[in-house]
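Have a look at the structure below before the remarks.
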Amino acid sequence: MTAPLLEVENLRTRFHTPDGVVRAVDGISFTVREGEIVGLVGESGAGKSVAGASLLRLVEDPGRIVGGEVTFKGETLVGFPDGRAEAGDGSGDDADDRWRDDVLSAEAIRRRIRGREIAIIFQDPMESLNPVFTVGGQLREFIELNRGLTQGRARELAVDMLREVGIPEAEDRYDDYPHEFSGGMRQRVLIAMALACEPSLVIADEPTTALDVTVEGQILELVADLQAKYDTSFLWITHDMGVVAEICDRVNVMYLGEIVEQADVDDLFYDTSHPYTEALLDSIPRPDRPVDELDPIAGIMPEAIEPPDGCRFHTRCPDARAVCTEINPDCRPLDDAGRPHRAACLKHESVFGAGYRESDPIENEAAGGFDVGRTEEGTDD
Amino acid sequence: MNIYRYALRRLLQAVPVVLGIVTITFLLSNAIPGDPVQIMLGPSPSQAEVEAIRARYGLDQPLYVRYVNYLAGLLQGDLGRSIYYGVPVLQKIQERLPATLLLIVSSFGFAIATAVPLGVVSAKRRNDPTDHVARVVSLVGVSTPSFWIGLMMILVFVYHLGWFPATNLVMPWAPPSALPAAETRVDVLLASAHHLFLPTVSLGTLQMAAITRIERSAMLETLSEEYVRLARAYGVSERTILRKHAFRNAQLPVITILGLQITTAIGGAVLTETVFQINGMGTLIVDSIARLDYPTIMGTTVVYGLVFVLGVVVTDISYAYVDPRVTYGEAE
Ligand code: SF4
């Protein structure tokens, strides 16, 4: 097994809004190894995108990383001095004195990590490209910046990459503007952008959500091919278990800022160990499912301000019992067989020993039937 | 379609607008109450005198004949003859227009040069003291009448401090012989700028304030766009984001406002010229209206109409230049 490329330990990111503190990411830990595609799955509002942004220290006001540690290729991207983890000193993530001494400075993150080592693909290909600059020009700019190439070389490489991601007549399309590309083509451009910088890790933040199913399929295929070719690792953020099944090696399932299940993709599907994961699997999209366009950050706000006591899922969990309202289970390994399968659910009595079996079932929203797609994502059919 | 053909097309499209302006101007001037002939000839002219004058200015003919004649004249660059000055209106306008254009152009230059950086900095330092100062300045700027600013500046800088001359403009290309020590070109330019400064600030403040506000809000909007996040995620520096990635998009609403400000500036110039006693178009219009000098009223209005239409066309072209999504009207 290869060494972890990215290690995230107990990462916590909060938004200080007028309505209260939103714990968007509340102590998550996971790793990404070289050449792996790791999924980060959950509904809109689970904190997946904020988690992705936190890795690059891209969290925007009023959000702040308040705790935890992120290491990437032996360098510390996030880390707090002892006892100052909750550092409520009001300075933003840019203020270098917030961080422990061995943490990369904001400037170093910008120059050495962003794009160059960790590239990102955003959800909405329509909004991610600047409408007043040519597609080729934008691609060239990022290549120039992150690969230290001359303009001419960067241009050649940009054309090559456009060709590689399947843009027909790449040479001619170089000077076209984003509005002259379809959504799928723009997403290809964004993939080209990410890979052209030759990063070790690509954070793909719901990159296919805004696309229709056929195009989504093509993009997933393309990514799988390119991943095999460049051996780039991916952190694939999505709410779609279908995509997870197709592309991921390992999966982290997130609910309200926490990771509730962590497993290899096969284990996750065939030995599902958390009721929330089960619910997600039941909601695997049908081909006629409409495109989900919710803003992930907007969706967080109402829920993560006051997460329920006990297990955060107990208000919607079909298996919830009285004990679940009192104890919030952490994500524990389920057996000693060496399988990296973890779950945060009291049902696993042998692991948690919290008295789940004797506890009484409770009434909650799950009684009327559970529909993930409907409850939070608003993807009405 | 390239941008030149687009420009040509927009110019051709402006022709009916200009025709409309001419027609409305013509009809309105003929609807002004009062008889110019009476003003020219005093209280009790003889019938023969009145008729002679009417014939001379074509006032004895029916309205539509005069309209057609006027249009025909326009096509040959003939705006008629001023009743009061007794010279061709065109000549009068040629005398007066340069001063006004100089004033308007320099006030726009002043406004853009100050407002764009101010708006950008204000957006960048949102809610910092710099931002608050910029916002107060622009609020005061849009709410203060330009003539008042002009009068106050005259009071302070001309009478109290004596830093600037109070009246008249010096055209850089035609220095008056009376100008002391205006020997070299540089001297003339300096003298010109010296005279131009107060009127420019007085007229330009409103534009400056309006542009600052738009620039700030447009920059704030583009700075929160996804493509700016993307640029940041690829390690582009904040400085480059501000100057390149966010800036260009943010200029679109600014260009629109600039186009609209042309009318405001033309109106403001009338007052500014009065306050600073500049012999420009503004004073020409005011005097002509007071004297019921129809041909001059019409001529100046038509010329202003042209200036405005040209301004709008230039605005459209700049917009198309900045925003590649403008299709140059091919699909219409
Ligand atoms: S701990 Fe209880 S509420 Fe939470 S997922 Fe497990 S069964 Fe459901």
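The values are calculated or read from the model by the stated rules, or taken from the named source; none is laboratory data. Bear in mind the structure is a predicted one, so any value in this text is a computation, not a measurement. Heads up, the Cβs are rebuilt from the backbone with ideal geometry, glycines too, and the neighbour counts pull from every protein chain shown. To get the accessible areas, we keep the full protein, side chains included, count just its heavy atoms, and leave off ligands, DNA and RNA. Shrake-Rupley method; radii C 1.70, N 1.55, O 1.52, S 1.80 Å.
If we keep just the residues of the stretch A:184-203 that are open to solvent by less than 10 Å² (accessible area, probe 1.4 Å) and touching a Pro at 6+ places or on another chain (Cβ under 7 Å), which is farthest from the other protein chains (Cβ to nearest Cβ)?
Looking at the filtered set, the residue picked out is A:GLN187.
Since B:PHE197 meets every condition but one in (1) crowded, with 18+ Cβ neighbours inside 10 Å; (2) in a helix (DSSP H, G or I); (3) more than 14 Å from every other protein chain (Cβ to nearest Cβ), which condition does it not meet?
(1)
Scan the stretch A:251-278 residue by residue and report those that are away from the ligand (no atom under 13 Å from the Cβ) and surrounded by fewer than 21 Cβ atoms within 10 Å (Cβ to Cβ).
Residues satisfying the conditions are A:ASP264, A:VAL265, A:ASP266, A:ASP267, A:PHE269, A:TYR270, A:ASP271.
Restricting to the stretch A:57-82, name every residue that is within 14 Å of another protein chain (Cβ to nearest Cβ) and at positive phi.
Passing the criteria: only A:ARG57.
Between residues in the stretch A:339-367 that are more than 14 Å from every other protein chain (Cβ to nearest Cβ) and under 11 Å from A:HIS314 (Cβ atoms) and residues that are within 12 Å of the ligand (Cβ to nearest atom) and among the polar types (S, T, N, Q), which pairs lie under 9 Å by C-beta distance while being six or more apart or on different chains?
Note: pairs meeting the criteria are A:CYS345/A:SER273; A:LEU346/A:SER359; A:ILE362/A:THR325; A:ASN364/A:THR315; A:GLU365/A:THR315; A:ALA366/A:THR315.
Any residue in the stretch A:178-196 that is assigned to a strand (DSSP E or B) and modelled with pLDDT of 90 or more?
no
Kindly indicate whether A:PRO302 is at pLDDT below 70, more than 10 Å from the ligand (Cβ to nearest atom), open to solvent by 80 Å² or more (accessible area, probe 1.4 Å) and assigned to a loop (DSSP other than H, G, I, E, B).
No; evaluated as a whole, the condition is false for this residue.
A quick yes/no check of all residues on (1) more than 30 Å from A:PRO125 (Cα to Cα); (2) small (Gly, Ala, Ser); (3) in a loop (DSSP other than H, G, I, E, B):
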{"site": "B:GLY204", "(1), (2), (3)": "yes, yes, no"}
{"site": "B:TYR227", "(1), (2), (3)": "no, no, no"}
{"site": "B:LYS244", "(1), (2), (3)": "no, no, no"}
{"site": "B:ASN249", "(1), (2), (3)": "no, no, no"}
{"site": "B:VAL286", "(1), (2), (3)": "yes, no, no"}
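Out of everything in the stretch A:337-367 that is open to solvent by 80 Å² or more (accessible area, probe 1.4 Å) and either in a helix (DSSP H, G or I) or within 9 Å of the ligand (Cβ to nearest atom) (or both), what residue ends up being modelled with the lowest pLDDT?
A:ALA367
Among all residue pairs at least 6 apart or on different chains, which show Cβ distances below 7 Å where the first residue, located in the stretch A:140-161, is away from chain B (no Cβ under 14 Å) and the second is exposed (fewer than 14 other Cβ atoms within 10 Å of the Cβ)?
Pairs found: A:VAL159/A:GLU171.
Taking B:LEU260, is it away from chain A (no Cβ under 14 Å) and assigned to a helix (DSSP H, G or I)?
Spelling it out, B:LEU260 is indeed away from chain A (no Cβ under 14 Å) and assigned to a helix (DSSP H, G or I).
May I ask you to say which residue of B:THR272, B:THR264 is in the same structural domain as B:VAL136 (by TED's automatic domain parsing) and open to solvent by 10 Å² or more (accessible area, probe 1.4 Å)?
After applying the criteria, what remains is B:THR264.
Out of the stretch A:306-329, which residues are more than 11 Å from the ligand (Cβ to nearest atom) and in contact with a strand residue (DSSP E or B) (Cβ under 9 Å, 6 or more places away or on another chain)?
Selection gives A:GLU306, A:PRO307.
Restricting attention to the stretch B:214-261, and to residues there that are charged (D, E, K, R) and under 27 Å from A:GLY52 (Cβ atoms), which single residue is surrounded by the fewest Cβ atoms within 10 Å (Cβ to Cβ)?
Across the stretch B:214-261, the extreme among qualifying residues is B:ARG239.
State yes or no: is A:LEU294 touching a Gly at 6+ places or on another chain (Cβ under 9 Å), outside any loop (DSSP other than H, G, I, E, B) and either modelled with pLDDT under 85 or within 16 Å of the ligand (Cβ to nearest atom) (or both)?
In short, no.
Taking the condition more than 30 Å from B:PHE157 (Cα to Cα) and buried (at least 19 other Cβ atoms within 10 Å of the Cβ), does B:PRO295 pass?
Yes, satisfied.
What are the residues in the stretch B:83-127 that are open to solvent by 70 Å² or more (accessible area, probe 1.4 Å) and under 13 Å from the mean Cα position of the chain (by Cα), if any?
The one that is open to solvent by 70 Å² or more (accessible area, probe 1.4 Å) and under 13 Å from the mean Cα position of the chain (by Cα): B:VAL105.
Among the numbered criteria (1) within 8 Å of chain B (Cβ to nearest Cβ); (2) within 24 Å of A:VAL32 (Cα to Cα), which single criterion is violated by A:ALA106?
For A:ALA106, the failing item is (1).
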